[in-house]
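The values are calculated or read from the model by the stated rules, or taken from the named source; none is laboratory data. Note that this is a predicted model, so its numbers are computed, not measured. Using ideal geometry, Cβ is built from the backbone for each residue, glycine included, and neighbour counts are taken over all protein chains shown. In case anyone asks, the SASA skips ligands and DNA or RNA and just uses the protein heavy atoms, side chains included. Shrake-Rupley method; radii C 1.70, N 1.55, O 1.52, S 1.80 Å.
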Amino acid sequence: MNMLLAAAGSGIAMIAMYVVVFGALIYFMSIRPSRKQEKAQAELRASMKPGDSVLTTSGFYGVIIDIMDNTVIVEFGNNRNCRIPMQREAIAAVESPNYVKTEEEE
């Protein structure tokens, strides 16, 4: 009887170990990289300032004219009449106007 209980106890411990390993694998493969990317996007949006060139999530390039709480006014093209208010979350990438690529980055 004691051997039967010992075998059942080691089986439960083995299953618990698999659950823990699987949970850690899921965390390090999906949740952690996702949070890291969200943090980088939040830092990018916090560092935006008027005059920065931006790429929107819909694929349009523009220049930030004004920044309010959750709204950014972006000017598209050379037409001054094409200023559109957008949510901050609609900005996918930011490039400062004085940024110059070096040969090492290419």
State yes or no: is Leu5 at pLDDT below 85 and not in a loop (DSSP other than H, G, I, E, B)?
yes
Given the conditions (1) more than 22 Å from the chain's Cα centre (by Cα); (2) part of a helix (DSSP H, G or I), every one holds for Ala40 apart from (1)
Log entry, pairs with first residue in segment 68-90 being more than 18 Å from Gly51 (Cβ to Cβ) and free of Cβ contacts under 8 Å to residues at least 40 places away in the same chain, second being open to solvent by 60 Å² or more (accessible area, probe 1.4 Å) and part of a strand (DSSP E or B), beta carbons closer than 7 Å, six or more apart or on different chains, reads Asn70/Gln87
Considering segment 35-68, residues that are closer than 18 Å to Arg80 by Cβ and among the small types (Gly, Ala, Ser), and then whichever is most open to solvent (accessible area, probe 1.4 Å), we arrive at Ser53
